[in-house]
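One structure below.
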């Protein structure tokens, strides 16, 4: 037990010096090997082997798709479209924001990208219509987190790749919980906006406006059904869906709408490589770290310890979710997946917990990690976007943390909410 | 001295930038090849076997080639909870520590990467599915870690020269 505490203590120490995550994991792994007199010959082979995985190829392809769509102004079109259709509702603009986040989440697997794209449009618009600042900022930070729950989803790809769980099933399982949490957010927006006295109610749009707005996004709205439909029917794998999505978004933005010119493609590809490299280096280093732990029988010891506690399925789930919630306050999503999942997964199998269901619980917990202070990537996105102070964002995000926690409990109590759709699929 | 340093920085940045552009082109090729495989399978009923494997190799290359560019753009995420609260003048030791760890890690990765490639070359290791020589994708490891190593060194030199400039009163 002592060695486990020392290893993870050192890992946190390294991480908290601000050392990049891949270096923290890789160097600690090398350190353990050197100190225990073992050879590190597998370093290059293990990192290479971890990356040489067709499932992971979905990461650069979905990233490329989202980059093209975001730069091609599809976020603007989506937001306008939803706004025109929903603006007459009480709290129409806030509801528009939630729906636009969900729709963008369906073409983007990253929560920070969703918060950034929709936030750029929604924050100024909501403030212009006299929504209060904390609510607006909190809503965007939280609405953005839908990016990783509604498929496609970067964290689900990584979770699937390291646990050999079907990424397709994970994607399908995320749909209904994603819709349920969006509805919770919408309900809250409705209730909150009734408490704002000087909220300007917007006029209903004409049918001509509605049709015009729909026509502008029609091609982009084709993407989610093609991707999800293709995976659901078993016509193609998530990686192939990502490739098709990237090609379609290229055709939509470069050929049909001509919003982007050929010279824009190089920076888009460079940004895609940047994100891919960042993620794959962490994955490579984490797999190496995991291998070093396994050589030293650390996971086995943790499993032994966990079974000796005799928590049972529910006790274990509650304990894990509290642990993840705690980790989520300090670490970001990819590190948590790659550090926690390899250790938790054997216990999961021992307790016969469905890996797809757990994957969804895990993802919702990671949504919380994105907005729990002090370290929440989406809080930083909104901070960068609005140049306000963190305290105001945190004040506004609290209700949404509670809503997400409620969503987590609902998905935990009703496993069929996530497992029913994937059972029908393929 | 200052001029030489700027040249080093320039060369290393050009290398990193070049790596990201080549990696980007690889990303474009893998997108096309994955899409092509699906189209050929469904429209022309003619599945191709090499697409999955070649695309994955291209991704490994893109990831390693892009690592130095990602460092240059500060894209390798870390926990900045404490570092962002440290006063400006205390930051340099932390940043130098990151570079030192980076230099050690990349040197080891480079060395082990060369071993991996030469091992595959010597035994003529090939992939099972399409009989592709494995040293070609594995070469990404030493090449990528070498550029990343240079980027860490260049970054350390920059921080050090900044410190020296400050201690000499900006001279």
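Of note:
- All helices (runs of 4 or more DSSP H) inside region A:1-88 with 1 or more residues being farther than 30 Å from residue B:56 by Cα: A:2-16, A:21-35, A:74-86
- Within the set A:303, A:292, the sole residue that is touching a residue at least 40 places away in the same chain (Cβ under 8 Å), assigned to a helix (DSSP H, G or I), more than 15 Å from residue A:345 (Cα to Cα) and more than 23 Å from the chain's Cα centre (by Cα) turns out to be A:292.
- Residues of region A:117-135 satisfying the condition of being within 20 Å of the chain's Cα centre (by Cα) and surrounded by fewer than 22 Cβ atoms within 10 Å (Cβ to Cβ): A:120
- For region A:247-279, a residue qualifies if it is surrounded by fewer than 16 Cβ atoms within 10 Å (Cβ to Cβ) and either more than 10 Å from chain B (Cβ to nearest Cβ) or touching a residue at least 24 places away in the same chain (Cβ under 8 Å) (or both), and the qualifying residues are A:251, A:255, A:256, A:258, A:261, A:262, A:263, A:264.
- Restricting attention to region B:26-43 and to residues that are assigned to a helix (DSSP H, G or I) and surrounded by fewer than 17 Cβ atoms within 10 Å (Cβ to Cβ), the residue that is farthest from the chain's Cα centre (by Cα) turns out to be B:42.
- The criterion of being at negative phi and within 12 Å of another protein chain (Cβ to nearest Cβ) does not hold for residue B:4.
- Pair list, Cβ < 7 Å and 6+ apart or interchain, from region A:22-35 residues that are more than 10 Å from chain B (Cβ to nearest Cβ) and more than 20 Å from residue B:67 (Cα to Cα) to residues that are modelled with pLDDT under 95 and in a helix (DSSP H, G or I): A:32/A:7; A:32/A:292; A:33/A:292
- In the set B:76, B:98, only one residue is facing chain A (nearest Cβ under 7 Å), outside any loop (DSSP other than H, G, I, E, B) and within 25 Å of residue A:15 (Cα to Cα); that residue is B:98.
- Only one of the numbered conditions (1) over 19 Å from residue B:131 (Cα atoms); (2) over 18 Å from the mean Cα position of the chain (by Cα) is violated by residue B:16, and that is (2).
- Hey, residue A:124 farther than 18 Å from residue A:213 by Cβ and in contact (Cβ under 8 Å) with a residue 40 or more places away in the chain or not: no
- Filtered by the rule that a residue be within 21 Å of residue B:118 (Cβ to Cβ) and within 7 Å of chain B (Cβ to nearest Cβ), region A:48-57 gives A:48, A:51, A:52.
- For the residues A:173, A:142, A:213, the requirement of being over 30 Å from residue A:391 (Cβ atoms), under 16 Å from the mean Cα position of the chain (by Cα) and touching a residue at least 60 places away in the same chain (Cβ under 8 Å) singles out A:173.
- Being in a loop (DSSP other than H, G, I, E, B) and either more than 10 Å from every other protein chain (Cβ to nearest Cβ) or under 30 Å from residue A:12 (Cβ atoms) (or both) is a property that residue B:130 has.
- Verdict on residue A:323 being part of a helix (DSSP H, G or I), more than 14 Å from chain B (Cβ to nearest Cβ) and in contact (Cβ under 8 Å) with a residue 40 or more places away in the chain: no
- So residue B:12, is it assigned to a helix (DSSP H, G or I), at the interface with another protein chain (Cβ under 7 Å from one of its Cβ atoms) and touching a residue at least 60 places away in the same chain (Cβ under 8 Å): no
- Residue in region B:80-94 that is closer than 30 Å to residue A:240 by Cα and either facing chain A (nearest Cβ under 8 Å) or at pLDDT 95 or above (or both) present: no
- Looking across region A:218-240, the residues that are within 9 Å of chain B (Cβ to nearest Cβ) and surrounded by 23 or more Cβ atoms within 10 Å (Cβ to Cβ) come down to A:239, A:240.
- Being more than 25 Å from the chain's Cα centre (by Cα) and within 30 Å of residue B:140 (Cβ to Cβ) holds for only one residue in A:40, A:57, A:89, A:64, and it is A:40.
- Flag for residue A:63 being closer than 15 Å to residue A:285 by Cβ, within 10 Å of chain B (Cβ to nearest Cβ) and in contact (Cβ under 8 Å) with a residue 60 or more places away in the chain: no
- Which listed residue is more than 14 Å from chain B (Cβ to nearest Cβ), in contact with a helix residue (DSSP H, G or I) (Cβ under 9 Å, 6 or more places away or on another chain) and at pLDDT below 95, from A:82, A:74: A:74
- In the set (1) farther than 23 Å from residue A:268 by Cα; (2) facing another protein chain (nearest Cβ under 7 Å); (3) crowded, with 22+ Cβ neighbours inside 10 Å, the condition left unmet by residue B:106 is number (2).
The values are calculated or read from the model by the stated rules, or taken from the named source; none is laboratory data. None of these values were measured; they are calculated from a predicted model. In this analysis, Cβ positions are derived from the backbone assuming ideal geometry, glycine residues included, and neighbour counts consider all displayed protein chains.
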